[in-house]
Amino acid sequence: MEKIIYTDIAVIGAGPTGIVAAYNLARLGYKVSLFEKEESLGGNILKTYKLFPNFQSSNELLQLFGEMIVVNNLSLQTGVTVTNIRKDNNHWISTTNKGETIVSKAVLMATGFKPFDAHYKEEYGYGIYNGVITSLEFEKMLKCGEIYGSNGITPEKIAILNCVGSRDAKVGNNYCSRVCCINAVKFGIEIKEILPKAEVYCFYMDLRMTGQFYEELYRKSQQEYGVNYIRGKISEASQTADNRIQLKAEDTLLRLPIKMTVDLLILMIGIEASESTKELSAQTGIMGEYGFAKSHSLLKADNHTIHPGLFIAGTCKRPFTYPETVADARAAVVEIQHYLENKT
Amino acid sequence: MIDYFERLSRDVRVKEGLKACMNCGICTAICPAAEFFPYNPKEICNILQTKDNKKIEALLKNETIWYCGQCMSCKARCPRENVPGMLISALRKLSQETGLFVESSKGRQQYAISKTIAESILKSGYCVHAENVKPELHPEQGTVWNWYYNNLEEIADRLGANYKKHGPGSLRLIGKKNLDEINAIFEVTGGKKFLETIHSYSTKKAQEMNLEIDDSLNSPYFIKTYTEDSDQ
Amino acid sequence: MERKFWKNYQKDIPDNNYYYERSCIRQSFFPGSETTFLRIVGDVLGKQIEDDQNLHTCTGIGYHADVVPFETTQTIIARLFSLMSEKGYRNFVPSCVTSFGLLNEVVETWKHFPEELQQTRDFLKQATGREFEIPEYITHPCDIIYKFRKELKEKMRFQIVNQKTGEPLRVVEHIGCHYSKVFPQAVIGSAEFPQVLAGMVEEWGGQVIDYPERRHCCGFGFRHYLIMANRGYSIANSRKKFESMEPYHPDFIVTNCPGCTMFLDRWQYTIKEMEGKTYDKQGNGIPVLTYEEMTGLLLGFNPWDLGLQLHQISAEPLLDKIGIPYDKEQKYLGKSGKIIDFKGF
């Protein structure tokens, strides 16, 4: 039997953006239905250990999210995918894969990002060589408190490579993913804290230390932790006879090609539009460049879309850091409130 | 000063191969020439994108552009879709058209290449033909090559070739009509004029260097350009 | 933009009616390989393949050594296409890897710059009165062997297996830069993990070695080999590959490109002469086969019909490993049937 839910706002995606927006809308007295396709809430935060730049524990944030969703007026459903959204007169109709129909006055898309699939940068041999892992796999190692290299033993030499799947016409992503540079700096410090003797080499094209405390953290990683930074993008990784990873890059500041063998190569994978972002944007005609959802006006109405009542926030729009995505969620709340009170 | 950049920008290889380099070094990292010579493919992009004719003129005159081995490894990797290997082709063409190639020892080698490869194309229809790979100039070819070279027809034909004879097959004689048309194409497309340009600048340079030059592969200038190593 | 993972890189390979262009280097150094390819396609697979006596160089080596302008090269290639059109073919099969890369480059240039195509048509007409059609397919011979590798396997007498131990032989495959790097999208398995030779080796019982310098150039470098003074570049690059593959103890190297075959064979000899160094345990050197020779050997062709006697690194130890019989006497036979004395060379 078909189930119909009537609500003020349907929020799609219970990552940081969706949770913060849903919580604040509920506090304003609106009825909010929050949907998450995974079984647990938290989105991509679930895949991390600590967040830059202050090493905030992801678990603490997840705990906080858990507390936020028990607010009045908010109902959360996990393991439910919103497969379709459409406008019907003054209402929005969303349907889920569980056969539910949600009738709401407004919809907020907070469908987030997906990490770049490193298999597509074939020259790094991800999925072929054990010693080549992604930044998210490294987060898992950090969670377990144990770092191991290609031979399953403690690595002596680790390379970190920025811009994997970002700023790269060869994979169709010309944009910068915003979070990887500082995350790599964070990794450098985390490695040195666990393995003080390990040599760490961070390969980059430009280090974009744009956020508060980023530059300081970068300096600290060099000065106090001895992380090495090499300006040059790794061109290829291959496996040596003793199962280590051979890298070729240019030290562009010395203008010399370099060859280096490491025990572990961490690929800092970029941010791409998630499948839900792409699908729902395509359905509603709001898909912008690279599959991200496009706002009505970047400078004037960045949470609005071309459709009144359909709002977007967070990394479904473009790469954001955690504080940025949460700020964007709060901004969306104000816009939605105005809309529901017929002020805009 | 000649507007070198303007001339280069008309070359289809520059239109295709120069986008916007961000100096990531991915090309230099795997460039076989960068490992062996003082050569850095990303700097070729860099210099061209400055559009600075003085810097371009220096490139056309010095050894740098002659180091690339044209393997095109740079093409497969560049995240901005530049192709330094193609820019090199355009620069080398301009260096020869303007006569600046004779200013560097690696550049002067174009004379020897034109005398061997280009003349072989025009006379035989082959870029390379077994009979021109003389063991004395190719000691690396080894004892087997020596044996084969001295019995080319006997051995090649035993392997199904049709050595310097009419009809199809390996190392066959390429017919006159084909050679006439190849020569006509070189004439019409500027290929002949290009070779004449190489020869005339080389002749001038030979005189300047007090070296004899004639049509043969034995002239002192030929031998110098074929065997002399780089200035560097 | 379409994004593919290397395992999904496939390519349309026509299944019949090929127009074959011989390679200057292959003909000169390993003429038996081209003979063998025609035998495999014509006699073993029963396909139609044209061996046109009017064909000639594509100018590739002259182009990449910068003595032939691009306009001239485009028009010479247009003449090759015109000869193909004249014979009614659509599938151009260049034996040479440099030709393969350059032909693809030229056709791609014509797509993006129609004015270059028009100029080429005008030049060809003016010089020769000819017109031409662009081939429907530009296919390298290795693609054709790869396509029919399963059919060929059924007809094979040998496998890439050590007959004494039953273990697969360890094979280094070298694909050739202008086959894989100029147009990675035209390659089975992409530029990074090309599958065309690896696919043959694995299908026929061998084991492919993935060594660190697998993708590195053999070091031909055009002007670097053509000029005696520059050959240090060429040998240095080949040596880099040998040193990288040595710890994996390869039983042989199989190559795609006519030039690479010759360099990987000759530079082993040169290094041995200069330094006494060989890259196998026995002091013979690592045999280098063309993919045509490898296919012919497994099909049971006489090794001396394939032209293995033209390799400086002796192939006999490899034949013994696989268990391929050969007649020592026939190795030095000439066309006339007399033995051409090897002594003294």
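The values are calculated or read from the model by the stated rules, or taken from the named source; none is laboratory data. Given the structure is predicted, the values throughout are model-derived calculations rather than measurements. Here Cβ is always computed from backbone atoms with ideal geometry, including for glycine, and neighbour counts include all displayed protein chains. Just the protein is used for accessible areas: all its heavy atoms, side chains included, with ligands, DNA and RNA removed. Shrake-Rupley method; radii C 1.70, N 1.55, O 1.52, S 1.80 Å.
From the list B:Pro84, B:Pro79, the lone residue that is in contact (Cβ under 8 Å) with a residue 24 or more places away in the chain, open to solvent by less than 10 Å² (accessible area, probe 1.4 Å) and touching a strand residue (DSSP E or B) at 6+ places or on another chain (Cβ under 8 Å) is B:Pro79. Scanning the stretch B:123-133 for residues that are assigned to a helix (DSSP H, G or I) and either on the phi > 0 side of the Ramachandran plot or more than 7 Å from every other protein chain (Cβ to nearest Cβ) (or both), we see that the one that is least open to solvent (accessible area, probe 1.4 Å) is B:Ser124.
On the stretch given as the stretch C:160-207, residues that are farther than 18 Å from C:Thr255 by Cα and either at pLDDT 95 or above or hydroxyl-bearing (Ser, Thr, Tyr) (or both) total 8.
Considered as a group, the residues in the stretch C:207-250 that are facing chain B (nearest Cβ under 7 Å) and surrounded by fewer than 19 Cβ atoms within 10 Å (Cβ to Cβ) include one that is farthest from the chain's Cα centre (by Cα), and that residue is C:Ala229. Could you please find all residues in the stretch C:120-131 being more than 9 Å from chain B (Cβ to nearest Cβ) and in contact with a helix residue (DSSP H, G or I) (Cβ under 8 Å, 6 or more places away or on another chain)? Once the filter is applied, which keeps residues that are more than 9 Å from chain B (Cβ to nearest Cβ) and in contact with a helix residue (DSSP H, G or I) (Cβ under 8 Å, 6 or more places away or on another chain), the stretch C:120-131 yields C:Arg121, C:Glu131.
Just so you know, in the stretch C:298-333 the residues that are within 14 Å of another protein chain (Cβ to nearest Cβ), in contact (Cβ under 8 Å) with a residue 40 or more places away in the chain and out of contact with any Pro (no Cβ under 9 Å at 6 or more places or on another chain) include one that is surrounded by the fewest Cβ atoms within 10 Å (Cβ to Cβ), and it is C:Asp305. Remark: pairs (first residue in the stretch A:234-255, within 10 Å of chain B (Cβ to nearest Cβ); second residue open to solvent by 30 Å² or more (accessible area, probe 1.4 Å); Cβ separation under 6 Å; 6+ apart in sequence or on different chains) = A:Lys248/A:Lys259; A:Ala249/A:Ile258; A:Glu250/A:Pro257; A:Asp251/A:Ile258; A:Thr252/A:Arg231; A:Thr252/B:Asn23; A:Leu253/A:Arg231.
The listed residues are B:Glu103, B:Glu136, B:Glu181, and the only one of them that is modelled with pLDDT of 95 or more, open to solvent by 10 Å² or more (accessible area, probe 1.4 Å) and more than 19 Å from C:Asp52 (Cα to Cα) turns out to be B:Glu103.
Residues in the stretch C:59-92 that are in a loop (DSSP other than H, G, I, E, B) and either in contact with a Leu (Cβ under 6 Å, 6 or more places away or on another chain) or hydroxyl-bearing (Ser, Thr, Tyr) (or both) were compared, and the one that is surrounded by the fewest Cβ atoms within 10 Å (Cβ to Cβ) is C:Tyr89.
For the stretch C:259-297, taking the residues that are polar (S, T, N, Q), assigned to a helix (DSSP H, G or I) and in contact (Cβ under 8 Å) with a residue 60 or more places away in the chain, the one that is farthest from the other protein chains (Cβ to nearest Cβ) is identified as C:Thr295. Checking each residue in the stretch B:1-14 for being open to solvent by 40 Å² or more (accessible area, probe 1.4 Å), free of Cβ contacts under 8 Å to residues at least 40 places away in the same chain and in a helix (DSSP H, G or I) picks out B:Glu6, B:Ser9. Filtering the stretch B:191-232 to residues that are of a type in the set (Lys, Arg), within 14 Å of chain C (Cβ to nearest Cβ) and farther than 25 Å from B:His138 by Cβ leaves B:Lys192, B:Lys193. Test C:Arg39 against the criterion of being more than 8 Å from chain B (Cβ to nearest Cβ) and open to solvent by 10 Å² or more (accessible area, probe 1.4 Å), and give yes or no. When the stated conditions are applied, C:Arg39 passes them.
So that you can scan it fast, the table gives a plain yes or no per residue for (1) in a helix (DSSP H, G or I); (2) modelled with pLDDT of 95 or more; (3) within 8 Å of another protein chain (Cβ to nearest Cβ); (4) surrounded by 17 or more Cβ atoms within 10 Å (Cβ to Cβ):
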| position | (1), (2), (3), (4) |
| --- | --- |
| B:Glu16 | yes, yes, yes, yes |
| B:Ala20 | no, yes, no, no |
| B:Cys24 | no, yes, yes, yes |
| B:Ala34 | yes, yes, yes, yes |
| B:Lys42 | yes, yes, yes, yes |
| B:Cys45 | yes, yes, no, yes |
| B:Ile56 | yes, yes, no, yes |
| B:Cys71 | no, yes, yes, yes |
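Can you say whether A:Thr7 is touching a Lys or Arg at 6+ places or on another chain (Cβ under 6 Å) and at pLDDT 95 or above, as far as the supplied structure shows? Against the criterion (touching a Lys or Arg at 6+ places or on another chain (Cβ under 6 Å) and at pLDDT 95 or above), A:Thr7 qualifies.
Within the stretch B:154-170, the set of residues being more than 7 Å from every other protein chain (Cβ to nearest Cβ) and assigned to a helix (DSSP H, G or I) is empty.
Taking the criterion of being surrounded by fewer than 22 Cβ atoms within 10 Å (Cβ to Cβ) and out of contact with any Ser or Thr (no Cβ under 8 Å at 6 or more places or on another chain), the residues of the stretch A:168-185 that qualify are A:Ala169, A:Lys170, A:Val171, A:Gly172, A:Asn174. Selection over the stretch A:255-293 of residues that are closer than 29 Å to B:Tyr39 by Cα and touching a Gly at 6+ places or on another chain (Cβ under 9 Å) gives a count of 6. Every condition in (1) open to solvent by less than 10 Å² (accessible area, probe 1.4 Å); (2) more than 14 Å from chain A (Cβ to nearest Cβ) holds for B:Asn62 except the one numbered (1).
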